[in-house]
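Read the structure below first, then the notes.
FYI, it's all coordinate maths here, none of it is from the lab. All figures in this text were calculated on a predicted structure; none of them were measured in a lab. Please note: Cβ atoms are built from the backbone with ideal geometry, for glycine as well, and neighbour counts cover all protein chains shown.
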Amino acid sequence: MKIIIIGGTAAGMSAAAKVKRLQPEYDVLVFEKTPVVSLGACGLPYYVGDFFNDTERLIARTPEAFRKTGVELFTEHEVTDVDIEKRVVTVLDLTTGQTHQETYDQLMVASGASPILPPIKNLDLKGVHTLKTLQDGQDIKQLATNEQVKEVVIVGAGFIGLELAEAMHRLGKHVRIIQLDSRVIPDAFDTEVTAIMEEELINQGIQLNLDEFVTELQGRDTVQQVITNKGVYPADLIIIATGVKPNTQFLPLDSFDTLGNGALVIDEFGKTSQPNIYSAGDCASVYHRVRKENVFIPLATTANKLGRLVGENLAGKELTFQGTLGSSAVQVMSLEAGRTGITEKEAIDLGVPYKTVWIHDKNQTDYYPGQSPIHVKLVYHAETKVLLGGQIIGAKGAVLRVDVLATAIQKEMTTDELGMLDLCYAPPFARTWDVLNVAGNVAK
């Protein structure tokens, strides 16, 4: 059995490792177009912000370690074409420029995603970057640690944009975020939560330009200023963080079921609509347990889980993926926020009969140092009271409480059950009635 895996990030390498453990005699070939595999890209904003300096800490496993397990790993090799009828891939060696073809019995597409570049004039100026690869992180860090670079503009207020804002603020930069939408992270959080995020950003000195878009960058060789529909701002460094798109353009997409953005639709086994072709990671869809449909939510957690599952299935098993809840978290300066399930906006769009509750409480007792506000929003079914979604924001203990909500939603618990759930209590961590119990009991 010859298996080819396109892409050496989380999903691809998880699958490769699993196949070789279960079926050591299988031939497993991995083609990765960068020099690095198993990169923990989620840590890049913190590397850029000088929280740590050793890039090896971002790499879960080296190419040499994978090769010792029997995986035939080819870095700096890009798959440029797939002939699904002949079961042949065309591979470009990026170091020599030569191409060759490889046949396969089974194929896994784990090619990840690339940054979306908005239609802005002069994006090719020096000092303009995206953050996706290790090289991106190294390039940005080199500029960010330069004392001459003072004005940093971040285009986009999603997860990466806010994490980069904290990183640049930590380095003493003057940070401006320009966001097309009227809110930060609008697809993941509702207005009650994003309002608190925005207040925190502004209070920490971040310039937050909402409802604004960049039209042009100006400078001779290096960027010097940003022009938007509302103003002109100085810029020594610009980071584009406006989302990602699946890397599936090298495939004959007319032959696959895809989402509107080109993400490959997969079933519960990780199979695409084409026989003998699997997919996982940021190039693929994922089934949402609450929405009951395939969605594009590029998360490292899902990529690792699906990659492992696909690896087991490539090795002959028939495991199924239970689906995602889109559980995710973000640090917003001194606050932390997390979400799971669906938002109120999603409930409206889906036509689900729903109710919400929005609770303001404290994270722990007042007589132990560290008490701070914590805010919880629940979205639940109006008729059955089954939990559909939840969001929490606070200074300490907010995000890990979201894991409780994810478990509750996964098991289709009701708000009444959440209200009486036996949660841990000790003065440094909670109050006798935890905020989650309170939220569940207040829900009517």
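Applying 1/(1 + (r/R0)^6) with R0 = 56 Å to the Cβ-Cβ distance of residue 383 and residue 93 gives a FRET efficiency near 0.40.
Placing dummy labels 7 Å off each Cα toward the beta-carbon, the span from residue 54 to residue 2 is 4.0 nm. With the simple spin-label model, which puts each label point 7 Å out from Cα in the Cβ direction, the residue 100 to residue 218 separation comes to 5.3 nm. Kirkwood Rh over alpha-carbon pairs of the stretch 18-132, then Stokes-Einstein at 4 °C and 1.567 mPa s: what D in µm² s⁻¹, rounded to an integer? Once the numbers are plugged in, D ends up at 77 µm²/s. Considering only 96, 260, 334, and ranking their Cα positions along the charge dipole of the chain that arises from unit charges at the beta-carbon of Lys, Arg, Asp and Glu, the one farthest toward the positive end is 334.
Stretched out straight at 0.36 nm per residue, the stretch from residue 293 to residue 317 would grow longer than its current Cα-Cα span by 6.2 nm. Sequence-ordered 3J(HN,Hα) estimates for the stretch 418-434 from the Karplus curve with 6.51, -1.76 and 1.60 and θ = phi - 60° stand at 5, x, 10, 5, 7, 9, 5, 9, 7, x, x, 10, 7, 10, 4, 9, 4 Hz, glycine and proline given as x.
Applying the Karplus relation 6.51 cos²θ - 1.76 cosθ + 1.60 with θ = phi - 60° to the stretch 410-415 yields 3J(HN,Hα) values of 4, 8, 6, 6, 9, 4 Hz, where x marks Gly and Pro. A crude spin-label estimate for the pair residue 269 and residue 301, with each label 7 Å from Cα along the Cβ direction, gives 2.8 nm. Charged neighbours of residue 365, selected by a Cβ distance under 14 Å, balance to 0 (K, R count +1; D, E count -1).
Quick query: amide H of residue 332 versus all other amide H atoms, modeled in the peptide plane; which residues come in under 5 Å with a sequence gap of 5 or more or a different chain? Correct list: 337.
Scoring 281-287, 419-425 by mean Cβ neighbours within 10 Å over their residues and listing the highest first yields 281-287, 419-425. Across the stretch 187-200, rounded Karplus estimates of 3J(HN,Hα) from the backbone phi angles (6.51 cos²θ - 1.76 cosθ + 1.60, θ = phi - 60°) give 7, 9, 10, 7, 4, 4, 7, 5, 4, 5, 4, 5, 4, 5 Hz, Gly and Pro being marked x. Fully extending the segment from residue 400 to residue 422, taken as 0.36 nm per residue of separation minus the present Cα-Cα distance, adds 6.4 nm. Each part gets one Cα centre, and for the stretch 39-64 versus the stretch 291-326 those centres are 24 Å apart.
Between 156, 196, 142, the Cα set farthest toward the positive side of the dipole of the stretch 117-240 (charges on each charged residue's Cβ, about the Cα centre) is that of 142. A cut-off of 5 Å between modelled amide H atoms, ignoring neighbours fewer than 5 places along the same chain, links residue 108 with 4, 5, 6, 278. At the listed q of 0.06, 0.09, 0.14 Å⁻¹, the Debye profile of the chain, built from one uniform point per Cα, gives log10 I(q)/I(0) equal to -0.28, -0.65, -1.35.
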